[in-house]
Structures are given as structure tokens and as C-alpha cells.
1. Within 10 Å of each residue's Cβ, count the other Cβ atoms and sort Ser47, Ser67 from fewest upward.
2. Which cross-chain or sequence-distant (5 or more) residues have an amide H under 5 Å from the amide H of Val64, H modelled 1.01 Å from N in plane?
3. Net charge within 14 Å of Glu31 by Cβ-Cβ distance, Lys/Arg positive one each and Asp/Glu negative one each, not counting Glu31 itself?
Amino acid sequence: MTPIDYRNETFASLEGRLRGQRAAVLAAWREHGPCTTEELAERAGMSILTLRPRTTELVQMGFVRLSGDERSTKGGTYRAASYAETLDHFHTNRREAMDPQLHLEL
């Protein structure tokens, strides 16, 4: 999601985006995670070609998180985020999108 998306969204509308394949992938993360995307595809009986892009979207939306040290496995271990973590992710990104001050790192 882009900053403008966070500015224009409410948390309820963000949750409303979880339909179809996104909702199915999130349910699989909640039931079978934490694990790698390959392990989840096998455990949940889903195509990796469906699972990976939906997982990327869910990470960007704050519903799935990278768990542990990514370097310790081939592809990283992911898990479903708690409701509080997802809500915090949303508020943090929304606050940054609403901030009119640009910050330049020197």
C-alpha cells in the first residue's frame, strides 16, 4: 500500500479488503503458521503461485509479519499478526501519511 492509501483508508475498510484469496491465505497463516511460504502451501494444500503474492499483500497491509531471523532459513518464516499488531501497523502508516513534513536523512 502507498502512503496515500493509508491516508484515505479507515481500519474497517482495510479489513474489508480481505476477501477471496487474501482471506483464504490469511486463514491459512492463522491455522498453520508460523512457517515458510513453501511449508504453508504444502500444509494448506494451496498453490505457491497464489500464496506468495497474497502473502506479500498481507505483509504490506500488516496482517502477516516476518517472524524471527530471515537469514536463518531459505525464504523467511512468516506468521499471522495479532489484531493489536495489525491495528498498530495501520495507525503508524496512516500517521506517517498524514504528516505534512517531509523528512530528509542527512
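Throughout, read-outs are computed from the coordinates displayed, never taken from laboratory work. All figures in this text were calculated on a predicted structure; none of them were measured in a lab. Methodologically, a virtual Cβ is constructed for each residue, glycine included, from the backbone with ideal geometry; neighbour enumeration extends over all protein chains shown.
1. In order of increasing Cβ crowding within 10 Å: Ser47, Ser67.
2. It is Val59, Ala81, by chain and number.
3. Summing Lys/Arg as +1 and Asp/Glu as -1 gives +1.
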